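The values are calculated or read from the model by the stated rules, or taken from the named source; none is laboratory data. Because the structure is a prediction, the values reported are computed rather than measured. Using ideal geometry, Cβ is built from the backbone for each residue, glycine included, and neighbour counts are taken over all protein chains shown. Ligands, DNA and RNA are stripped out before the accessible areas are found, and what is left, the full protein with its side chains, is counted by its heavy atoms. Shrake-Rupley method; radii C 1.70, N 1.55, O 1.52, S 1.80 Å.
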Amino acid sequence: MNTPSFKEDHISQIPALQLLIKLGYKYLSPEEAMQLRGNKTTNVILEDILRKQLKEINSEKRISSTKTTYLSDANIENGIRVLKDLPMNEGYIVACETAYNLITLGKSLEQSIDGDKKSFTLQYIDWKNPENNVFHVTEEYSVMRSTSKEHYRPDLVLFVNGIPLCVIECKRPDMKEPLAQAIAMEKTIRNPKIVLVTDRTDLDNQITGTFRKCGMFVENASTGQRLVELLESKSDSVVTTIINKFSAAMKKMSTPLDSHDIIVLVDEGHRTQHGTFNIEMQKALPNACFIAFTGTPLFKKDKSTSEKFGGMIDSYTVDQAVKDKAVVPLLYEGRLAIQEVNEKPLDTFFEMISEPLTDYQKADLKKKFSRADQLNGAEQKIYAIAWNISLHFRDNWQGTPFKAQLVCDRKINAIRYKEFLDEIGIVSSEVLISSMDEREGEDSAYAKSTDKENIFWKKMMDEHGNSKSYEKNIISRQ
């Protein structure tokens, strides 16, 4: 079939298709496009068309003033494979840069000519002679998402030499800004404001930078005062900030903001929505809509995170991610630090210091210092684990290209591990922590850093100059 579909729900696509066909694009029906993809929705390139075009565009490669050659079939296939195998594991920006460089600059390939190896550049598009390229357009181009079995179906896709270069979403001609119009039609929302909340400055900078690179306007609230100004403004906007700024903002607000027009998207919801952080945010925005995201699996003990936001909207399990090959399987090896607790001296000491307290206060104090985080911070336990880590790494990984990462619950514990690992002397290590005024690792935004933390941080700042250089230098050093 060479005629576009005239289904009623495609009415907005017809003018676009007609214009593109007049401009020289050849129409492919969805069925024809699917055949050219090998009947696989995971394929996005029309390989037969690309293969034919690569042979024609690269048919004459000059090797001397009087002699030309052509690229071999093997190199044509190599060129197709390189374009298909983009480094998606390194992120979309890197993958897009790779695709852009291949399409604009070509791919350098070696080929044996009369026994000598020659290097040739395979061109995907003939930029000097546009008439040598072929242009196609198709509709309802269903593509399986890379991280799930779901499909994305853009209205129109434009191809140059079988390579999809443009996606067009067709909307009703009377809706110039469909998303904005949909929000505007909701009478309860007057000036919608979207607030993206993270718990680390590097994530905040990354999200803000991503918006700006996409050409979308975004306001970054780097201080509590700025956050108050943006939240109290009557205009709609997108705001990025880190969660501890709500604590500072509360001090500067005479009354909470009772607007229903604020939508708060919370990143890393499993670790930010506990303690005073959550309380301060809920107090500042009592009527806002809160939606949390987390890349950490929520087990039974974490159910309060889900309940805090009113239940689960959608979930993507680890098992499903492994099946989709979005992640590799996680392998766990249980390792315990052997501990012997001499209870009698501890009980005697506790009775001495708690003598003035009531029975209720004694029970509360004992509960506080029996928590896992208190036990995990005990120097004897850290020392035992540091030895275990050192020996395990030496016996299994030392001398290989692999490294190891140790994640601690507190900055002070990370510094203690570093000290003990240095004392043991089997492995080398570095500590990477956030600055002392970023409270993402604490239960309270008002908790004080220890002297050991402050001394370590001052040493790092003296050595590296600022927190950004410190982070960059430590990561590159490792």
With each label point set 7 Å from Cα along the Cα-Cβ vector, what nm distance links Arg190 and Ile455? 5.7
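Computed FRET efficiency, Cβ-Cβ of Asn473 and Glu423, R0 35 Å: what is it to the nearest 0.05? Display every interim value, and only then the final one.
On the way: r = 24 Å, r/R0 = 0.67.
My answer for the efficiency is 0.90.
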How big is the range 16-118 in terms of Cα radius of gyration and Dmax, in angstroms? 17.0, 52
If I compute solvent accessible area with a 1.4 Å probe over the protein chains, what percent of it on the range 108-159 is carbon and sulfur? 47
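Per residue, how much accessible area does the range 12-61 have with a 1.4 Å probe, in Å²? Intermediate results must be reported in sequence, preceding the final value.
Working: 2730 Å² over 50 residues.
On a per-residue basis, 55 Å².
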Could you compute how much accessible surface Arg51 exposes when probed at 1.4 Å, giving the result in Å² to the nearest 10? 50
Expressed in nanometres to one decimal, the distance between label points 7 Å along Cα→Cβ at Leu336 and His260 is 5.4
Rounded to the nearest Å, what's the spacing between the alpha carbon centres of the range 94-158 and the range 231-252? Just the number, please. 44
Principal axis dimensions, largest first and in whole angstrom, of the range 85-168 by Cα: 49, 34, 20
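For the range 204-254, what is the per residue volume of the convex hull drawn over the alpha-carbon atoms, in cubic angstrom?
Working: hull volume 3.0 nm³, N = 51.
It is 58 Å³ per residue.
Give, in nm to one decimal, the length gained when the segment between Met253 and Glu379 is fully stretched (0.36 nm per residue of separation minus the Cα-Cα distance). Don't skip to the answer; put the middle values down first.
Details: separation 126, 0.36 × 126 = 45.36 nm, distance 4.24 nm.
Using 0.36 nm per residue and subtracting the Cα-Cα distance, I get 41.1 nm.
List the pairs from Lys171/Lys283; Lys26/Lys128; Lys128/Lys325 whose alpha-carbon separation is above 29 Å, in the order I gave them. Mind dumping the intermediate values first?
On the way: Lys171/Lys283 40 Å; Lys26/Lys128 21 Å; Lys128/Lys325 40 Å.
Going by Cα-Cα distance, Lys171/Lys283; Lys128/Lys325 fall outside the 29 Å limit.
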Report the extension gain between Glu131 and Ser237 in nm, rounded to one decimal, defined as 0.36 nm multiplied by the number of residues separating them, less their alpha carbon distance. 33.7 nm
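Between Asn43 and Gln206, what length comes free when the chain is fully extended (0.36 nm per residue of separation minus the Cα-Cα distance, one decimal in nm)? Intermediate values should be presented prior to the final figure.
Values: separation 163, 0.36 × 163 = 58.68 nm, distance 3.04 nm.
Between Asn43 and Gln206, full extension yields 55.6 nm more.
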Accessible area (Å², 1.4 Å probe, nearest 10) - Arg226: 80
